[in-house]
Amino acid sequence: MAILCLYAKREDQAIHYWERARAIEPDDARLVSSIAHAHAARGRRDVAIAYLNKAVEMDSSQPGTWFNLGYLLQEAGQEAESLVALRRATELDPKLDRAWYGLALSLIKLGQVDEAVTALKRNTELQPMSPYGWYQLAHAYLRLDQRDKAERVILRLAKFEPKVALQLEQETGIPSGVKLPF
């Protein structure tokens with residue numbers, strides 16, 4: 001019932017059903033994570049973070065739970081705490097591309113750009129056709145005064161996401177090689 005309530009955008013009812021299930025199975029970390037998800041969907045970030053902290057205390061082996069915790073901590077501006085959660089997510093699942101991306105964003109905000117480049121490279125290996133990691137990677141290289149590497153990223157991006165490459169060209173002044181049809 002809780003899942004149906006979520007599809008109907010009735011998060012509070014979903015929480016009610018999950019809490020009833022949790023009363024029957026109090027040690028099920030998945031239920032706690034589901035409750036957190038519903039609270040996050042209702043904009044109750046701090047409540048969701050508390051539930052996710054409880055979920056990782058109950059079962060610390062779930063990379064998705066660690067990622068969700070890291071994401072919400074990042075959203076709350078708690079970058080150092082976010083790093084801990086996102087690093088744990090990548091340790092548990094080295095192929096969790098969104099965790100690598102989130103990790104890179106927190107590292108950039110904390111001024112650890114060298115380490116962010118490593119995370120962004122891993123993200124782009126896992127998601128080579130997604131422009132987000134490439135976009136951030138180009139900017140990270142520029143922060144490190146590695147214009148030649150940023151240029152290579154932009155040229156690569158131009159091959160499959162010309163609009164993003166043009167945006168980077170406007171932001172950085174580095175030619176993308178994209179030719180507009182008009």
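Here are a few things to note about the model shown:
- Selection of the range 111-139 for residues being among the small types (G, A, S) and within 17 Å of the chain's Cα centre (by Cα) yields A116, A119, S130, G133.
- Here L31 does not fit the description of being open to solvent by less than 60 Å² (accessible area, probe 1.4 Å) and either touching a strand residue (DSSP E or B) at 6+ places or on another chain (Cβ under 8 Å) or within 30 Å of P128 (Cα to Cα) (or both).
- Residue satisfying condition, being crowded, with 16+ Cβ neighbours inside 10 Å, more than 20 Å from A29 (Cβ to Cβ), among the aromatic types (F, W, Y) and under 15 Å from the mean Cα position of the chain (by Cα), within set W66, W100: W100
- Among (1) of a type in the set (K, R); (2) buried (at least 16 other Cβ atoms within 10 Å of the Cβ); (3) farther than 26 Å from G111 by Cα; (4) at pLDDT 95 or above - the single one R88 does not satisfy: (3)
- Condition met for G133 (small (G, A, S), under 23 Å from S33 (Cα atoms), touching a helix residue (DSSP H, G or I) at 6+ places or on another chain (Cβ under 9 Å) and at pLDDT 95 or above): no
The values are calculated or read from the model by the stated rules, or taken from the named source; none is laboratory data. Given the structure is predicted, the values throughout are model-derived calculations rather than measurements. Using ideal geometry, Cβ is built from the backbone for each residue, glycine included, and neighbour counts are taken over all protein chains shown. Side chains included, ligands, DNA and RNA excluded: accessible areas come from the protein's heavy atoms. Shrake-Rupley method; radii C 1.70, N 1.55, O 1.52, S 1.80 Å.
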